[in-house]
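Chemist: Quick one: the structure is below, questions incoming.
The values are calculated or read from the model by the stated rules, or taken from the named source; none is laboratory data. What you are looking at is a predicted structure, and each value in this text was computed from that prediction instead of being measured. Cβ atoms come from the backbone with ideal geometry, glycine included; neighbour counts cover every protein chain shown.
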Amino acid sequence: MQTEFNIYGEPLNSRLILGSALYPNPAMMQQALQQSGCEAVTLSLRRQAPEQQGGEQFWQLIRDLKLRLLPNTAGCHSVQQAVTLAQMSREIFQTNWIKLELIGDDYNLQPDPILLLQAAEQLLADGFEVLPYCTDDLVLCKRLYELGCKVLMPWAAPIGSGLGVLNPYALRTLRERLPDATLIVDAGLGLPSHACQVMEMGFDGVLLNSAVALAKDPVMMAQAFSQAVSAGRCAFLAGAMSKQDFASPSTPVLGMPFWLQETP
Amino acid sequence: MAEHMKIELSIWLNGKKESLNSSQLSDLLPRFKAPFAVALNGRFIAAAQYPNTQLQAGDQLDIVSPIAGG
């Protein structure tokens, strides 16, 4: 019904991508992912501590879900770190997809645009299908797209903030100026209405984690986001009415009772 | 003096100092559970290269596994 969505040619039925972190427990994560209908999930790599058993359980749960895996390079501060983590991810997860994160500021986790371009170039040359987590800067996004990043993932607001769309002008501009790019809003959404808002703008998808995982009921919130993403997509395809600064009655005026043509 | 040569090698393993008695990367790996991936001094080491990889004093070895992420 809602036209095809794909990531580097891989078709996905859901335009919602969820993260796997911060859930109250693994079972809740599994349920939320299932109930959302999402077909791709983000995850990461960290140093293995042999004495900790939780990692194996997580990996087993994720594998059981049979979702497409989107590994990230969260926490990387240099091109070399990001490239190495991407290469390790590709070996473990057997996917060319990489959510490229290169942090330029530790306070708001803002992506470093300069290093992002350098890392994206190296990874694309190495055969990766790069999904850069970026700011909503038009020129940065244009450069990333020109490099060969077919999918761009601009933020709506800082990671984990739940603030929603801070700069709707910038996001609308990205959509208008990069009509052929697959644009997925990643980070900063807090409510289903935020997701619906960007889908109404014509974004291709939404990636989020905290808004679902930190809800009082993550499973129900996952469903809510799923519906919001669908609603927003339908609204975009349906085409919204034009705004106007004056009222316009929706009920016909003609035939209104109690009205006389002349004063009695 | 036909004393057996005992290798003692100090490296950084996942950020902690560790003394090894073998310089072969492959000798170190059985203690880790699959799946894992390896980086040596910040560079990726593909699984196919494990048998050919020698460790040196002061090397930084990272062995990573899947975790949750956003």
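Chemist: Please go through the stretch A:36-70 and give me each residue that is more than 10 Å from every other protein chain (Cβ to nearest Cβ), within 17 Å of A:Pro24 (Cα to Cα) and surrounded by 16 or more Cβ atoms within 10 Å (Cβ to Cβ), ordered by number.
Modeler: A:Ser36
Chemist: Next up: Report, by residue number, each residue of the stretch A:100-138 that is charged (D, E, K, R) and free of Cβ contacts under 8 Å to residues at least 40 places away in the same chain.
Modeler: A:Glu101, A:Asp105, A:Asp106, A:Asp112, A:Glu121, A:Asp136, A:Asp137
Chemist: Working carefully through the options A:Glu56, A:Glu51, find the one that is among the acidic types (Asp, Glu), without any contact (Cβ under 8 Å) to a residue 60 or more places away in the chain and in a helix (DSSP H, G or I).
Modeler: Exactly one of A:Glu56, A:Glu51 is among the acidic types (Asp, Glu), without any contact (Cβ under 8 Å) to a residue 60 or more places away in the chain and in a helix (DSSP H, G or I), namely A:Glu56.
Chemist: Would you confirm, using the coordinates I've provided, whether A:Ala215 is part of a helix (DSSP H, G or I) and among the aliphatic types (A, V, I, L, M)? Can you show your working first?
Modeler: Working: part of a helix (DSSP H, G or I): no; among the aliphatic types (A, V, I, L, M): yes.
It is false that A:Ala215 is part of a helix (DSSP H, G or I) and among the aliphatic types (A, V, I, L, M).
Chemist: Now a separate question. Kindly indicate whether any position in the stretch A:7-27 is part of a helix (DSSP H, G or I), out of contact with any helix residue (DSSP H, G or I) (no Cβ under 6 Å at 6 or more places or on another chain) and either at pLDDT below 95 or surrounded by fewer than 17 Cβ atoms within 10 Å (Cβ to Cβ) (or both).
Modeler: yes
Chemist: Quickly run through the stretch A:226-264 and pick out the residues that are among the polar types (S, T, N, Q) and without any contact (Cβ under 8 Å) to a residue 12 or more places away in the chain.
Modeler: Result: A:Ser242, A:Gln244, A:Ser248, A:Ser250, A:Thr251, A:Gln261, A:Thr263.
Chemist: Here's something else I'd like to know. If I ask for residues that are more than 14 Å from the chain's Cα centre (by Cα), of a type outside the set (A, V, I, L, M, F, W, C) and within 14 Å of chain B (Cβ to nearest Cβ), which ones from the stretch A:1-24 would you list?
Modeler: Of everything in the stretch A:1-24, those that are more than 14 Å from the chain's Cα centre (by Cα), of a type outside the set (A, V, I, L, M, F, W, C) and within 14 Å of chain B (Cβ to nearest Cβ) turn out to be A:Tyr23, A:Pro24.
Chemist: Picking from A:Gln197, A:Gln261, which residue would you name as being over 28 Å from A:Pro132 (Cβ atoms) and either of a type outside the set (Phe, Trp, Tyr) or at pLDDT 95 or above (or both)? First the steps, then the outcome.
Modeler: Values: A:Gln197 fails: over 28 Å from A:Pro132 (Cβ atoms).
The conditions single out A:Gln261.
Chemist: I'm trying to understand the selection: among the residues of the stretch A:149-173, which are surrounded by 20 or more Cβ atoms within 10 Å (Cβ to Cβ) and over 14 Å from A:Tyr133 (Cβ atoms)?
Modeler: Correct list: A:Val165, A:Leu171.
Chemist: What are the residue pairs meeting all of these: first residue in the stretch B:48-70, first residue within 11 Å of chain A (Cβ to nearest Cβ), second residue outside any loop (DSSP other than H, G, I, E, B) and among the charged types (D, E, K, R), Cβ atoms under 7 Å, and 6 or more apart or on different chains?
Modeler: From residues that are within 11 Å of chain A (Cβ to nearest Cβ), the pairs are B:Asp62/A:Arg47; B:Ile63/A:Arg47; B:Val64/A:Arg46; B:Val64/A:Arg47; B:Ile67/A:Arg46.
Chemist: Could you say whether any residue in the stretch B:36-47 is facing chain A (nearest Cβ under 9 Å), part of a helix (DSSP H, G or I) and among the aliphatic types (A, V, I, L, M)?
Modeler: Yes, the stretch B:36-47 has at least one match.
Chemist: Report the residue count in the stretch B:1-35 for those that are β-branched (Val, Ile, Thr) and either exposed (fewer than 12 other Cβ atoms within 10 Å of the Cβ) or modelled with pLDDT under 95 (or both).
Modeler: From the stretch B:1-35, those β-branched (Val, Ile, Thr) are B:7, B:11; that's our starting set.
In the following step, the residues that additionally are either exposed (fewer than 12 other Cβ atoms within 10 Å of the Cβ) or modelled with pLDDT under 95 (or both) were identified as B:7.
Summing the residues that are β-branched (Val, Ile, Thr) and either exposed (fewer than 12 other Cβ atoms within 10 Å of the Cβ) or modelled with pLDDT under 95 (or both) in the stretch B:1-35 gives 1.
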